[in-house]
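Enquirer: Before anything else, here's the structure in question.
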Amino acid sequence: MRLRSGLAVAVSVLVLVAIGVVGVAVNRSALRTADRVHRADTMALGTDNGTLAGQMQLLSAQELDDFAEAAGLTLRRDSAADRAKLTAFAGKSAFFGYGLALLSLEGEVLNATRATGLPAPTDPGYATLHAGLRAGNPGFSSVLMVDGVALAAVGVPVHGKAILVGYNNVAGTQLQAFVARLGGGTHLTTIVDAEGRAGATSDPKLIGTTIDPTLIAAAHEMRGAGFVEYATPTGTRMIAVVVPGIPGGWTYVRTQTLASFDGAVRRHGQTLDLALLAMLLAGVIGIAIFAYRALVTRRRADEKFRALFQHAPDMVAVVDAEGKIAYSSPSAATVLGHEPGALAGSSLFDVVHPQDRGPLQEQFAELVGKRDGLLNRQTRMITSDGRPRWFEFTASNQLHNSALAGVVINARDVTETRLFQERLAHQARHDALTGLPNRRRMRDTLDETLPSDGVAVLYVDLNGFKPVNDAYGPNAGDDLLRQVAKRLSGAVREQDVLSRVGGDEFVILMPGVDDEAAAQAMADRVRAETARPFELNGTPVVIGASVGVNVARPGSDPDDALRDADQAMYAVKHGDAPAVAAPRRAGRHRATP
């Protein structure tokens, strides 16, 4: 009898040990899965934000370079004409409202919009700017402190003879506004220079301060994005996403305490481990205690997985192999507008935008066939009131994981980020003053059309614009250009491309037109529209336009097509040739991109 009882106890202990080991393994597997998904999602977000920060810096350099190319600066020391152009540009610039300066190649100040408040040419913060210029790229400085104000500078060469430098007060830049929106209650987002000084941060009070030395060293050593764990002087354990490689040696850093990063899921997992160990010690009590402890194990396991999804900051869902939603976190109520639990039992694809549904279904089917497979993508989802929202999500195939038995989806609303990216793309291909397509957009259209179709090219140069600009001032000149753009937009066809290519010059592309009469008719409309009086400050102003026409045949060289239209316009302006381009000859061409 004692032997039987001993055997029963031994068997009970062995069974409990086996179950405990399995429970710990399942718990650790679920924690590792959750940690991988969380880290991958956080890293993707940091990389995207770092890329956006770099794009904003390059966009500011493009604006500065476009001005340097088109302004016609004399580059003479203390030139009043150069200073007036710099001042006018600063007043209109989206990035350099603080001021601009012209420097010699040796670093001496030739001209500036401000007499005070600019960094000394010998400021060490210029080192990265000059390094970028020497490498043939735009230059970006480190944070420059002047009278307690944190500045940043962008430099571009001017015809290889001087350097044009634009300054911005980092506390009021578009980059600072963007980073401020990334702040959260548990983390701090910062964009730092090569010395670790904050040039943009979700906590504006930290602008100009220096981040932890451990993070500065990591930014210098890392070749790509990664996580860095460290401790503060007070002993608090921290974790940071560090994304180096922003132009000028700048780096994206997102920091938070390790406890807040790991969150409630890890704490629940540790509690469960202790509970399972306690059950192993209690196994000697017998079969009855074993059954009770097994029940407790199941209950606590359910609590762990419930905590995994309910405490996640983003929308979390578990779906089966067909996409049927088995669980959705409470955050779905605020993100998509549904009541908690309302999505359970419905198909994931029912809330996906119809245009994205097919591709997502194909990728989901591939994911289901891959053990431990991961899917990262952005897609549109429909809220309860019918509005589309962009989401970035990570899906992990855990169908084989008995603790999850499904595909785990972690989704974050990135609608604002998508809209911001679209605005950046629009600004890169459109003229800031008139809103028309710029030279780059026009040239892309010409390159795409000419290989297979003819294009009528009209080069338009305003007559009498400079006297109006001189008499009424640059603001009135800008208003006149906007009025001209509006009139010409109403004159061209829907499929035509009207672009402003610089100063008072416009180019009209008429894809599919190989008839000189049709092109000349458009030129007549342009001249008629520009000949009608314009109103500036209540005063009628009369100008005109010289229009050069070139009908480019399919397969023509885009440079030749622009050059011939430009030469035809030049001839019209000087009254020595007809408006339609003659056979091409070597000569003047201002339309080269």
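The values are calculated or read from the model by the stated rules, or taken from the named source; none is laboratory data. Since we're looking at a predicted model, the values are computed, not measured. Don't worry about glycine lacking a Cβ; one is built from the backbone with ideal geometry, like all the others, and counts go over all protein chains shown. Heavy atoms of the whole protein, side chains included, go into the accessibility calculation; ligands, DNA and RNA do not. Shrake-Rupley method; radii C 1.70, N 1.55, O 1.52, S 1.80 Å.
Enquirer: Give, as residue ranges, the strands (runs of 3 or more DSSP E) completely inside region 365-432 that count at least 2 residues that are open to solvent by less than 20 Å² (accessible area, probe 1.4 Å) and in contact with a helix residue (DSSP H, G or I) (Cβ under 6 Å, 6 or more places away or on another chain). Spell out the reasoning first.
Expert: Details: elements: 374-382, 388-398, 406-413.
So the answer is 374-382, 388-398.
Enquirer: When the residues of region 96-135 are narrowed to those that are out of contact with any helix residue (DSSP H, G or I) (no Cβ under 7 Å at 6 or more places or on another chain) and part of a strand (DSSP E or B), which ends up farthest from Glu69 (Cα to Cα)?
Expert: Val109
Enquirer: Go through Gly185, Gly224, Gly196, Gly172 for me and flag whichever is more than 19 Å from Asn49 (Cβ to Cβ) and not hydrophobic (A, V, I, L, M, F, W, C). Lay out the reasoning, then the answer.
Expert: On the way: Gly185 fails: more than 19 Å from Asn49 (Cβ to Cβ); Gly224 fails: more than 19 Å from Asn49 (Cβ to Cβ); Gly196 fails: more than 19 Å from Asn49 (Cβ to Cβ).
Going through Gly185, Gly224, Gly196, Gly172 in turn, the sole match is Gly172.
Enquirer: From the list Ala344, Ala326, Ala312, Ala317, exactly one residue is assigned to a loop (DSSP other than H, G, I, E, B), modelled with pLDDT of 70 or more and closer than 30 Å to Gly386 by Cβ. Which is it? Walk me through how you get there before you give the answer.
Expert: Details: Ala326 fails: assigned to a loop (DSSP other than H, G, I, E, B); Ala312 fails: modelled with pLDDT of 70 or more; Ala317 fails: assigned to a loop (DSSP other than H, G, I, E, B).
Exactly one of Ala344, Ala326, Ala312, Ala317 is assigned to a loop (DSSP other than H, G, I, E, B), modelled with pLDDT of 70 or more and closer than 30 Å to Gly386 by Cβ, namely Ala344.
Enquirer: Inside region 489-516, can you point out the residues that are of a type in the set (Asp, Glu) and part of a loop (DSSP other than H, G, I, E, B)?
Expert: Quick first cut of region 489-516, residues of a type in the set (Asp, Glu) only: 494, 496, 504-505, 514-516.
Glu494, Asp496, Asp504, Asp514, Asp515, listed by residue number.
Enquirer: What pairs come up if the first residue lies in region 170-181 and is small (Gly, Ala, Ser), the second is open to solvent by 60 Å² or more (accessible area, probe 1.4 Å), and their beta carbons are under 8 Å apart, counting only those six or more places apart or on different chains?
Expert: Ala171/Pro204; Ala180/Pro204
Enquirer: Test Asp576 against the criterion of being open to solvent by 70 Å² or more (accessible area, probe 1.4 Å), closer than 26 Å to Gly72 by Cβ and modelled with pLDDT under 95, and give yes or no.
Expert: Values: open to solvent by 70 Å² or more (accessible area, probe 1.4 Å): yes; closer than 26 Å to Gly72 by Cβ: yes; modelled with pLDDT under 95: yes.
Judged against the criteria, Asp576 is a match.
Enquirer: Given the criteria assigned to a helix (DSSP H, G or I), open to solvent by less than 30 Å² (accessible area, probe 1.4 Å) and at pLDDT 90 or above, does Ala61 qualify? Outline the logic, then answer.
Expert: Working: assigned to a helix (DSSP H, G or I): yes; open to solvent by less than 30 Å² (accessible area, probe 1.4 Å): yes; at pLDDT 90 or above: yes.
The answer is yes for Ala61.
Enquirer: Looking at region 191-205, which of its residues are in a strand (DSSP E or B) and not polar (S, T, N, Q)? First the steps, then the outcome.
Expert: Of all residues in region 191-205, those in a strand (DSSP E or B) come to 191-192, 197-201.
Result: Ile191, Val192, Arg197, Ala198, Gly199, Ala200.
Enquirer: Restricting attention to region 451-483, which residues are among the aliphatic types (A, V, I, L, M) and either closer than 22 Å to Ala84 by Cα or in contact with an Asp or Glu (Cβ under 8 Å, 6 or more places away or on another chain) (or both)?
Expert: Quick first cut of region 451-483, residues among the aliphatic types (A, V, I, L, M) only: 455-458, 460, 462, 468, 471, 476, 480-481.
Within region 451-483, Ala456, Val457, Val460, Leu462, Val468, Ala471, Ala476, Leu480, Leu481 qualify.
Enquirer: Still on this model: Please go through region 232-273 and pick out each residue that is acidic (Asp, Glu) and either at pLDDT 90 or above or touching a helix residue (DSSP H, G or I) at 6+ places or on another chain (Cβ under 7 Å) (or both).
Expert: First, the residues of region 232-273 that are acidic (Asp, Glu): 262, 273.
The answer is Asp273, and nothing else.
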